[in-house]
1. Which residue out of GLY213, GLY246, GLY252 is over 17 Å from VAL152 (Cα atoms) and at pLDDT below 95?
2. I'm told ARG146 meets every condition in (1) surrounded by 17 or more Cβ atoms within 10 Å (Cβ to Cβ); (2) modelled with pLDDT of 95 or more except one. Can you identify the failing condition by its number?
3. Which of (1) at pLDDT 70 or above; (2) surrounded by 11 or more Cβ atoms within 10 Å (Cβ to Cβ) is the odd one out, the single condition ASN18 does not satisfy?
4. For the stretch 169-199, which residues satisfy the criterion of being more than 25 Å from the chain's Cα centre (by Cα) and among the hydroxyl-bearing types (Ser, Thr, Tyr)?
5. Name the residue, out of ARG97, ARG103, ARG78, that is loosely packed, with under 13 Cβ neighbours inside 10 Å, part of a strand (DSSP E or B) and not hydrophobic (A, V, I, L, M, F, W, C).
6. Give the residues of the stretch 151-164 that are at pLDDT 95 or above and surrounded by 14 or more Cβ atoms within 10 Å (Cβ to Cβ), sorted by residue number.
7. Is there any pair linking a residue in the stretch 63-79 that is free of Cβ contacts under 8 Å to residues at least 24 places away in the same chain to one that is in a strand (DSSP E or B) and charged (D, E, K, R), with Cβ under 8 Å and at least six apart or on different chains, and which?
8. Go through (1) among the aromatic types (Phe, Trp, Tyr); (2) surrounded by fewer than 16 Cβ atoms within 10 Å (Cβ to Cβ); (3) in contact with a His (Cβ under 6 Å, 6 or more places away or on another chain) and name the single condition PHE180 misses.
Amino acid sequence: MSLTRGSGPLGGVPAQSNYTIQAPAHRILFEADARRLRAFVGDSRVLDTRRAHLLHETGIRPVAYVPLEDFDENLLQRTGTTTHCPFKGDASYWSLRAGDELREDAVWGYEQPLQQASWLSGFAALDPARADRWLVEDEPVGGGLRDPYHRVDVHTSSRPVRVTAAGELIAQSAHPTLVFETSMPVCAYLPRGDVKAGHLRPSDTTTIDPYIGDAIYWHVHAGGETLLDAAHSYELPRAEAMKIAGLVCFSGDGVQVQLDV
């Protein structure tokens, strides 16, 4: 169960149960993270900590908060930017300057948080996208830090799958590989041999998923139309998702995927 998605206790979709949670509509959980985390801008190490905490908030991906003293203070420049959160208080911001690189307002913290979030005092967060590189222990990670309550399960299946676009059948498979990801719809990945010839065109788009790996995208050509980035694949996914290596998933606008037909 993910804490912040779907039917998790900090998610927005209640599940059937024999209990109720008496809590605010917007809930916050601040939990210690035992992993060693490091972040870099260029070759400069921005932070190095074994004392991070993950902040879980209703409907929001977890954010790592780190004791301020675990940042390299020589790289931090306080700015005049402030923002207000009704659940945490007023945030102060710092920019990062490492050599010729300036990452404005990349770090924020609640120096005088609201009473109900007092444990945030002394901690700050770095926008994951403003660092060039993250390490968890000694392993590089892409796409952001992973939620320890989120998981991905991959199973081969004999459930039939049909894929149509613009009224045209473009793929059909009797042996898909199904990805079950916490609080997400089931995704069917098909062998490329089950995709009718001429329907896939390479795209330059790429993304990084912290749970699966680096994705490449495909345009889908059907009915005289080209649907941009309507399919994707993982050529070399993370070890736990290796069963989908080289398979194609259709998930873009204008594409209909039918399972069990």
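1. Going through GLY213, GLY246, GLY252 in turn, the sole match is GLY252.
2. All conditions pass for ARG146, except number (2).
3. With respect to (1) at pLDDT 70 or above; (2) surrounded by 11 or more Cβ atoms within 10 Å (Cβ to Cβ), ASN18 is out only on (2).
4. SER173 - this is the single residue of the stretch 169-199 that is more than 25 Å from the chain's Cα centre (by Cα) and among the hydroxyl-bearing types (Ser, Thr, Tyr).
5. Going through ARG97, ARG103, ARG78 in turn, the sole match is ARG78.
6. VAL154, SER157, ARG159, PRO160, VAL161, ARG162, VAL163, THR164
7. ASP70/ASP48; GLN77/ARG97
8. (3)
The values are calculated or read from the model by the stated rules, or taken from the named source; none is laboratory data. Predicted model only: the values in this text are computed from it and were never measured. Glycine also receives a Cβ, built like all others from the backbone with ideal geometry; neighbour counts cover every protein chain displayed.
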